[in-house]
Amino acid sequence: MPTAPDFFGSARARNANARRAALARARAAASADYHDFGFDYFDNPDLGIGYGGYRYDGRYAQSAADIMAYYTLGVGSRILEIGCAKGFVLVEFAARGAQVCGLDASAYAVSHGHDAVRARLLVGDIAALPFADASFDLVIGKEILPHVDPDALDQALMECSRVARGPVFFDIQCGETPEEVDALNAWDPTHQAVHGEDWWRDRVTATVPQADLHFKRLFE
């Protein structure tokens with residue numbers, strides 16, 4: 001299984017020091033709305049965890065360009081993003097002529113999606129994708145797998161493989177030490193499966209042989 005480039009590295013708004021400072025505020029219990037990926041998760045500036053205001057700023061433009069070049073995609077290519085949130089990554093693919101579709105568990109995020117792609121965003125379950133087999137030239141999931149119910153993870157991976165006629169790319173936050181796992185769970189209490197690189201490689205390889213993976217750690 002190839003290790004993919006760090007497509008989203010240049011798009012990260014928070015550096016390691018900022019993440020460490022935020023962790024001190026993130027130990028408080030998250031609200032029910034936060035766990036439902038609602039306003040508190042995306043747009044509440046006072047909670048101390050979550051995005052604190054997730055707004056389009058164009059940070060993913062270069063990421064999208066790099067991904068399309070790496071996978072030799074162009075005008076008319078069909079791209080699905082799992083865990084698309086408000087669709088900000090898909091905006092950049094669409095601007096480059098791709099046919100995009102996004103799916104997210106958050107009704108709040110989808111209803112507040114970017115105007116350019118909102119009509120292409122769906123509320124749904126990664127373990128039951130509403131698409132035909134081999135529908136997409138690329139399926140991507142940015143930081144989504146650690147949020148999936150462990151009991152549904154294998155089914156979710158099978159679904160991503162099923163709807164892809166090309167590669168599948170996952171960007172995965174991982175924890176290699178107990179301290180890192182604890183920090184990731186504090187950073188975002190909606191995580192359900194925080195593991196190291198080897199665990200993820202073994203789990204994904206068994207189900208999605210065409211997957212490319214990139215791993216990132218909280219304090220990189």
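Readers should treat all values here as calculations from the given coordinates under stated rules, not as data from a laboratory. It should be emphasised that the depicted structure is a prediction, and the values quoted were computed from it without experimental measurement.
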Task: Alpha carbon centroid spacing (whole Å) that separates the range 64-133 from the range 157-194 - done: 18 Å
- [ ] Rounded, prolate or oblate: pick one for the range 99-220, where a ≥ b ≥ c are the square roots of the eigenvalues of its C-alpha gyration tensor, a/c under 1.5 means rounded, and failing that, prolate if a/b is larger than b/c, else oblate.
- [x] oblate
Task: Residue-averaged 222 nm ellipticity for the chain, from DSSP H runs of 4+ at -39500 (n - 2.57), nearest 500 - done: -8500 deg cm²/dmol
TODO: Pull out the extension gain between His35 and Glu179, defined as 0.36 nm times the separation in residues minus the alpha carbon to alpha carbon distance; nm, one decimal.
DONE: 49.6 nm
TODO: Taking every Cα atom in the chain, find the radius of gyration and the maximum pairwise distance Dmax, and write them in Å.
DONE: 16.4, 46
